[in-house]
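Below is one structure, written out as structure tokens, with a few remarks after it.
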Amino acid sequence: MKMQSPWARFYSNSCCLCCHVRTGTIILGVWYLIINSVVLLILLSALADPDLYHLPHNELKNDLDFMDDANLCIATSISLLMILICAMATYGAYKQHAAWIIPFFCYQIFDFALNSLVAISVLVYPNTIQDYLQQLPSNFPYKEEILSVNPTCLVVIILFFISVILAFKAYLISCVWNCYRYINNRNSSDVLVYVTTNDTTVLLPHYDDSASAAAKEAPPPYISA
């Protein structure tokens, strides 16, 4: 009986119940690419026109100008890096290059870990939610209604939404991982194996390589009798 890895049971060639994992990865990469491009445009407009963001106190504005510029530059660099990673994932899924998908997969794992830490911090320190809500501006929508909710119910609601987000992110991670495995298996299956009668294994060359080699060898010249 052939032993099967525990991770193999989660392997599937379809995602979202309707499309292939390769198509789903391309759509996901394009979606992240659009979002990060919009964020980059907003950050570039903020760098070009700093007056778009005003601080309420003039005495603090001069002290925080350098900090705001530094944060905007860091955010712009992160957006550029994310655009590069998303473009690599989209190109890798389209051209079936598995190595190009790895940076996007690592980003998904990192993002999932950060969201998990947020859920753990809310569970361990539930009072931080009330402190955060009290620091919101007075004109924040539904601030008073949210503060009037029972703190325990508020923690349960927030944990529920975070759990839904984590489950969705885990599903997207599995889709990208299945796409990586699919491309890897497809590329490795291009190498044919021929077993001789002496139980020795011979690797046959790829079809493209053999075709190009045959094309290079010119046929012998025709000699008439």
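The values are calculated or read from the model by the stated rules, or taken from the named source; none is laboratory data. A quick note: this is a predicted structure, and the numbers were derived from the prediction, not measured. No Cβ is skipped: glycine too gets one built from the backbone with ideal geometry, and neighbour counts run over all protein chains shown.
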Exercise. In segment 4-63, which residue that is more than 17 Å from Tyr91 (Cα to Cα) and among the basic types (Lys, Arg) is modelled with the lowest pLDDT?
Worked result: Lys61
Seminar exercise, completed: Contact list, first residue from segment 88-99 and over 12 Å from Ile26 (Cβ atoms) and touching a residue at least 60 places away in the same chain (Cβ under 8 Å), second anywhere and of a type outside the set (Phe, Trp, Tyr) and surrounded by 18 or more Cβ atoms within 10 Å (Cβ to Cβ), beta-carbon distance below 8 Å, six or more apart or interchain, is His97/Ile183; Ala98/Gly92; Ala98/Ile183
